[in-house]
Amino acid sequence: MADASDTVLEPIGSVLRTRVGREATEPMRDDIRLLGTILGDTVREQSGDEVFELVENARVESFRVRRSEIERVELARLFDGIDVHQAIPVIRAFTHFALLANVAEDIHRERRRAVHVAAGEPPQTSSLAATYLKLESADLDSATVADALYGALVSPVITAHPTETRRRTVFDTQHRITELMRRRAQGHDSTDDGRSIELELRRHILTLWQTALIRLSRLKIQDEIETGLRYYPSAFFEVIPKVNAEIRTALQARWPDAHVLAEPILRPGSWIGGDRDGNPNVTAEVVRLATGSAAFTALNHYFAEISALEEELSMSARLVRVTDDLAALAETCAEPARADEPYRRALRAVHARLTATAHQILDRQPERTLDLGLERYETPEDLLADLDVVDGSLRANGSAVVADDRLARLREAVHVFGFHLSGLDMRQNSDVHEEVVAELLAWAGVHPDYGSLSEDERVELLIGELATRRPLVGPDADLSELARKEVDIVTAGARAVKVFGPNAVPNYIISMCQSVSDMLEAAILLKEAGLISVPGGASGDQPYAPVGIVPLFETIDDLQRGSAILEAVLDLPLYRALVTARGEQQEVMLGYSDSNKDGGYLAANWALYRAELDLVETARTTGIRLRLFHGRGGTVGRGGGPSYDAILAQPPGAVRGSLRITEQGEIIAAKYAEPRIAHRNLETLLAATLESTLLDVEGLGDTAEPAYEVLDDLAARAQRAYGALVHDTDGFVEYFKASTPVSEIGALNIGSRPASRKPTESISDLRAIPWVLAWSQSRVMLPGWYGTGTAVEEWLDAGPETRDEKVGVLRDLYERWPFFRTVLSNMAQVMAKADMGLAARYSELVEDEALRRRVFDQIVAEYHRTIAVHELITGQDDLLADNPSLARSVFNRFPYLEPLNHLQVELLRRFRAGDAEELVQRGILLTMSGLATALRNSG
C-alpha cells in the first residue's frame, strides 16, 4: 500500500473501457499515493513486516486479477487457512484505504469544480446559478411562480436507518484528514499555525489505525438521536439559513411581485426517536428525549450566537443613534455599567428572555444562560420580533453592513429552526394501529371485535368516533402493554407540539397503509392525544390538526391503489375538514425499498412513477395541494442515485414546490458532514425542485401515453422475471441466507432497529436495508437491476413491430425522457459495482450444489442479459459512460475491495462451520464495514 502508482491502469473487460484522462486525474492519484504511502508506513510500524508484506502482496495480486494476469482463485489462496490474528490487520488496512480513497475523491471533486469556475465556464448543472438561468429563459410570469411556490418546502429528513458503519470517532478523524488534504490541495504544505501537513496526516492516520472500527455493543436509540443532531453544529446551522436567504433573495429579485418564500423553503426533518415501525426501542421517553434534545440544540446555538453578538455590537449611544423600539428593548436590561451601550443591553434582554424560555421548556439547560428575571418568549416569533428590532435599528442608522452579518444569520436560523430545530415525524405500522384501536374500542364499549368488521363498517365506526368530543380511554385505563405504549407515545408527541410548537411533530406516517380505515385508525390515536379535533369537537367550530396524517404506500399493489385510497378518504367530509385545517395540504409518502423488494427494480420504479401520476390527478380533481415524501435509501435498490436526476425524473406536477426526502445511513455523512459539501447537496435539492416545479422537464408532450404503455408492459414483464427468481424458485431464501452475510448483519451494531419486522423466514418481513446490504456485500447487487434484461428482451420479441423498430422506440425514450434515462443510468451504476466472479465465490457457501446452480445460474444469465440490453438501448458499451466520476472511483478503488471479499468468504465459511473464536466473527464484521465504506451507498 506504499505505492498507489498502479491504481490508474487501462481498464479491461466490457464494463470500463474508456481510459480516464491522466492529466485531469493526476492530482487525485497523487493524493491517493500520499495517503496510501502513509497508511502503508503505519501498517508496517504498527503490525510488523509480515502483515505489511501480506497486505502488499494482496494489493499487487488484486491488480493482476484486474489485468487478467492471474485467475481469481490464485488470489483467494492467499487467505486459505490464514491465521485470524493476521487477517484482522489485513482487513483493517484495506478498510482504511477505502476510507482514505473517499477523502481523495471528495477533494478531487472540489478541485474540479474550482477549475471550472476559475475557467469562467457556465454554472454547473444542478447548481442554483444554472437553474436561475433556465428559469430566466422560460419567461415565467409572477402569478405562475407565486402559485407554484405557495407553501414551498424542501425537507431532507434524517433517519436512523442503519447503514452508517463508521463510529463517530472514525468520522471525526476522517474529517480532520479531509481538512488537511483540502489545505494541501490549495498549495500549502503546512497548517495555519505552521505544522507540517504531512506530519499531521501521519498523526491522524495513526490515530485512525489505533481506533476500533466497529462497536462492541449495539447502538442505542439515544446514540442515534445524538448522531443525527451532530450535523447541525457541524454544517446545518451555518448552511441552511444561508441557503434560505440566498434563494429567497434571488427569486424575489427576479419576480418581485410574486412575494415568494415568505417562509423558509429549506427545513430539515427527522425520524430518529419517532419512527417505531418495527423498532420496540422507541418509547414515550424516547420521543421526549428526541424532541427535547432537538430543542436544546437549537437554543444552545441561539445562546452562543447572542453571546457573540453582545461582544460584537459594542456601539455607544454617544456615537450612534438608535430607534425608539431598540431603546425600549434596551431599557428592560437595567445594567448601569452598560448604560451607553444600547445594543448590548438590548441583546442581554433577549438573552435573559431566552434563558427564561429554556428554563420553561427544556429538560436540561444550555450554557451561557443569563437570568435577569424577565419573562420568557412564548413563541419563536416573539424572539424573532426582538431580533428584528435590533436589525431595524442598525439599518435605520447606517449600519446595514453589520446587520447583514451574524445577526442576519441568527434571524434566519430562528425563522427556520424555531424552538423545535427540526420536525420529528412519528411512524407506525398499520397492523399495530388496527390492533391498538381494536383494544381501545373494546375497552370503551364501542365495539367488542373491531377486527371482524368489513372495511365499510370500520370506516363508518371510526368516522363516528372522530366526530365525538369524548376520548375512548382515560389515563388509568387497564390496557395491554402495546396499547399503553402506543397511546403514551402519541401523548408524548402532543406534549412536544404544546411545548415546542406545532412544527415539532408535523406528520404521523402510516407504514403499509392499504385502506381508508388505516388512515382513520391513526386519526383515532391522534384524537386520543388531543392532536386532532373536528368541527363541533373540543375546538369548537374550527377543526384542529397540527399533525398531518401521511399514508405510506410501499408494495407495488399499494402504490397502484394509493390514489384510490386517497380519493376515498378525501370524500369523507370529516377527513376533508382536517385537510382544510392544514391549508388543503395532504402529504403522501412513497416507499422505494419495499416496492423494490416486492417486485424488483424496474417494476418498482415504474409503479412509483404511475402512482405519482395518479396522485397528481387526484390532487387536481379534489383541489388539494399534494406533497410527496420520497422514502429513498442510499442504494439504487432503495431509490438511491443522484438526487438532482431523481427529482427531475419525477412526473409532471409531482413536485410543485414541495419535496420531502429521507436521508439515510452513510449517505447522511457523505452529503452533510461539513458546510461546503452540505451547501452543495442542499443546493442540488433546491435546484431540482425549482426546475421540476417551474419547467417542463418530462419532455414527452403528446407522446406521453404511448411511452407510459411501453413502460407498463416492460414493468409487468420485469416483475414476473423478478418474481420467478425471488418468490417462485424453490430454496431461494435458503440460497440468499447462505450466499450472503445477511444472518451476520444483525451483529454489526450499526443501529437500534432489528433486521426484521417480525421473527420470520419470509423475504417480505425482512427489512429492505439488510436485504440490500447483504446483496451488495456479496457483490451481486441484485435489487438494483434484476429482471430488466428479461423484460426488455421479451418486449423486443413481442408484437407485430420489428425488433429494430422497437429498439428505436427505447432509444428515443432514453434520449427524451429523464425518467427512463435515470432508471437506466442508476441501474448501470449498480451493475458497474457488481462482480459475478466474486459473487461466484459467495455462491460456494451454499452447500446444496443443485440449489447453487439453480439460483446462481439464473442470476448470472440475467446479469449478462441486462448488460446487453443496456448497451443496445444506450449505444454505450461502457456502463459508466455518463458518470466519469464514478468510473474513476470504481476503477481506482475496486481492486482494494477484492481482498475484503475473499477474506469475508473465508471467515464466513469458518464461522458457519463452527469456529466460535471471537476474532472470526469480528473479522466478518470488519469486512462488512470495509465493503460498506468502499461502496459508499451500501444500504
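The values are calculated or read from the model by the stated rules, or taken from the named source; none is laboratory data. Being a predicted model, the structure only gives us computed values, none of them experimental. Cβ sites come from the backbone with ideal geometry, for glycine too, and all protein chains shown count toward neighbours.
Summary table
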| read-out | value |
| --- | --- |
| Test: residue in the stretch 839-852 that is assigned to a helix (DSSP H, G or I) and closer than 25 Å to A607 by Cβ | no |
| Pair list, Cβ under 9 Å, 6 or more apart: the stretch 276-287 residue within 9 Å of I489 (Cβ to Cβ) and not assigned by TED's automatic domain parsing to the domain that holds D488, other residue buried (at least 19 other Cβ atoms within 10 Å of the Cβ) and at pLDDT below 90 | V282/I221; V282/S752; T283/I221; V286/I221 |
| Residue count for the stretch 792-818, restricted to those that are of a type in the set (G, A, S) and closer than 12 Å to I873 by Cβ | 1 |
| Members of the stretch 374-383 that are crowded, with 18+ Cβ neighbours inside 10 Å and of a type outside the set (A, V, I, L, M) | Y377, P380 |
| Any chance D391 is among the charged types (D, E, K, R), farther than 30 Å from F629 by Cβ and assigned to a loop (DSSP other than H, G, I, E, B) | no |
| Total residues in the stretch 539-574, condition farther than 19 Å from G464 by Cα and assigned to a loop (DSSP other than H, G, I, E, B) | 4 |
| So L578, is it part of a helix (DSSP H, G or I), surrounded by 20 or more Cβ atoms within 10 Å (Cβ to Cβ) and touching a residue at least 24 places away in the same chain (Cβ under 8 Å) | yes |
| Cβ-Cβ under 9 Å pairs, at least 6 apart or on other chains, the stretch 808-823 side over 15 Å from Y708 (Cβ atoms), far side surrounded by 20 or more Cβ atoms within 10 Å (Cβ to Cβ) and small (G, A, S) | R821/A649; T822/G641; T822/A646; T822/A649 |
| Near pairs, Cβ below 7 angstrom, 6+ apart or cross-chain, from the stretch 902-921 (within 20 Å of S776 (Cβ to Cβ)) to any residue that is basic (K, R) | H902/R841; V905/R841 |
| From D386, D404, D371, D391, residue being without any contact (Cβ under 8 Å) to a residue 24 or more places away in the chain and buried (at least 20 other Cβ atoms within 10 Å of the Cβ) | D391 |
| Subset of the stretch 918-939 that is assigned to a loop (DSSP other than H, G, I, E, B) and buried (at least 24 other Cβ atoms within 10 Å of the Cβ) - its residue that is modelled with the lowest pLDDT | G939 |
| Matching residues in the stretch 581-613 - criterion: being under 30 Å from E793 (Cβ atoms), surrounded by fewer than 24 Cβ atoms within 10 Å (Cβ to Cβ) and out of contact with any Leu (no Cβ under 9 Å at 6 or more places or on another chain) | L613 |
| Long-range neighbours under 6 Å by Cβ, at least six apart or interchain, first residue outside the structural domain of D598 (by TED's automatic domain parsing) within the stretch 703-715, second of a type outside the set (F, W, Y) and part of a helix (DSSP H, G or I) | A707/L813; L714/A791; A715/L602; A715/A603 |
| The stretch 695-730, subset surrounded by fewer than 20 Cβ atoms within 10 Å (Cβ to Cβ), of a type in the set (V, I, T) and farther than 30 Å from T144 by Cβ, residue modelled with the highest pLDDT | V710 |
| Residue count for the stretch 652-667, restricted to those that are at pLDDT 85 or above, more than 17 Å from L149 (Cα to Cα) and buried (at least 23 other Cβ atoms within 10 Å of the Cβ) | 2 |
| Hits in the stretch 782-832 (condition: within 29 Å of the chain's Cα centre (by Cα) and part of a loop (DSSP other than H, G, I, E, B)) | W785, Y786, G787, W817 |
| Unique match (being surrounded by 16 or more Cβ atoms within 10 Å (Cβ to Cβ) and outside any helix (DSSP H, G or I)) among V170, V145, V154 | V154 |
| Filter result for the condition that a residue is over 22 Å from H359 (Cα atoms), of a type outside the set (F, W, Y) and at pLDDT 95 or above, over G292, G269 | G269 |
| Conditions (1) of a type in the set (S, T, N, Q); (2) assigned to a loop (DSSP other than H, G, I, E, B); (3) in contact with a Phe, Trp or Tyr (Cβ under 7 Å, 6 or more places away or on another chain); number of the one not met by T297 | (2) |
| Single residue of the stretch 349-377 satisfying the filter (among the acidic types (D, E) and under 33 Å from the mean Cα position of the chain (by Cα)) that is nearest to R495 (Cα to Cα) | D363 |
| Selection count where residues are under 11 Å from the mean Cα position of the chain (by Cα) and in a helix (DSSP H, G or I), scope the stretch 655-701 | 7 |
| Matching option when the condition is buried (at least 16 other Cβ atoms within 10 Å of the Cβ) and on the phi > 0 side of the Ramachandran plot, among G292, G278 | G278 |
| Scan of the stretch 330-344 for residues that are crowded, with 24+ Cβ neighbours inside 10 Å and of a type outside the set (G, A, S), ordered by number | P342, Y343 |
| Candidate set from the stretch 307-329 (those that are of a type in the set (V, I, T) and surrounded by fewer than 22 Cβ atoms within 10 Å (Cβ to Cβ)); member that is farthest from T357 (Cα to Cα) | V320 |
| In the stretch 81-112, the residues that are polar (S, T, N, Q) and modelled with pLDDT under 90 | N102 |
| Which numbered condition D275 fails, given (1) touching a strand residue (DSSP E or B) at 6+ places or on another chain (Cβ under 9 Å); (2) closer than 28 Å to A403 by Cβ | (2) |
| Residue in the stretch 425-460 that is nearest to the chain's Cα centre (by Cα), counting only those that are buried (at least 19 other Cβ atoms within 10 Å of the Cβ) and without any contact (Cβ under 8 Å) to a residue 24 or more places away in the chain | A438 |
| Qualifying residue in the stretch 427-436 (condition: farther than 30 Å from T159 by Cα, basic (K, R) and touching a strand residue (DSSP E or B) at 6+ places or on another chain (Cβ under 9 Å)) | no |
| Residues located in the stretch 188-222, provided they are in contact with a Lys or Arg (Cβ under 9 Å, 6 or more places away or on another chain), in a helix (DSSP H, G or I) and under 30 Å from E285 (Cβ atoms) | I221 |
